[in-house]
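Reading through the structure tokens given below for one structure.
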Amino acid sequence: MSIDTEKLKSLSFEAALKELERIVENLSSGEANLEELLQAYEEGIAYLNHCQSRLGEAEAKIKILSTQISSPKPVEDTNG
């Protein structure tokens, strides 16, 4: 089974993490042959990279928002 990169890009972090957890369980079961293990490992790496990318995007947004909170824009005095 090959990874559909377009489908992978559209997955949320949570959905990709769930797939990654499923793959880890399959790898841990010890019931697959070598070829299946290699394919599952390859898929797992793709999901892991996707999760890391999504986390990086979220971290960048948090940094931007934190900067905005740390240095709020001055409010003009309209009382007079």
Among the candidates Glu31, Glu42, Glu36, Glu59, single out the residue that is touching a helix residue (DSSP H, G or I) at 6+ places or on another chain (Cβ under 9 Å) and among the charged types (D, E, K, R). Glu36
Output the qualifying pairs, or none if there are none: Cβ atoms under 8 angstrom, residues six or more apart or on different chains, first residue in the stretch 1-14 and closer than 15 Å to Arg54 by Cα, second residue modelled with pLDDT under 90 and not in a loop (DSSP other than H, G, I, E, B). none
Output the residues belonging to the stretch 9-68 that are at pLDDT 90 or above, among the charged types (D, E, K, R) and surrounded by fewer than 15 Cβ atoms within 10 Å (Cβ to Cβ). Glu14, Lys18, Glu21, Arg22, Glu25, Glu35, Glu36, Glu42, Glu57, Glu59, Lys61, Lys63
I'd like to know if the stretch 11-28 contains one or more residues that are in a helix (DSSP H, G or I), within 21 Å of Ala58 (Cα to Cα) and of a type in the set (Gly, Ala, Ser). yes
Does Gly80 meet the test of being on the phi > 0 side of the Ramachandran plot and either at pLDDT 95 or above or loosely packed, with under 13 Cβ neighbours inside 10 Å (or both)? yes
Taking the stretch 22-38 and keeping only residues that are of a type outside the set (D, E, K, R) and over 15 Å from Leu8 (Cβ atoms), one is left with Val24, Asn26, Leu27, Ser28, Ser29, Gly30, Ala32, Asn33, Leu34, Leu37, Leu38
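The values are calculated or read from the model by the stated rules, or taken from the named source; none is laboratory data. Quantities reported herein were computed from a predicted structural model and do not represent experimental measurements. Heads up, the Cβs are rebuilt from the backbone with ideal geometry, glycines too, and the neighbour counts pull from every protein chain shown.
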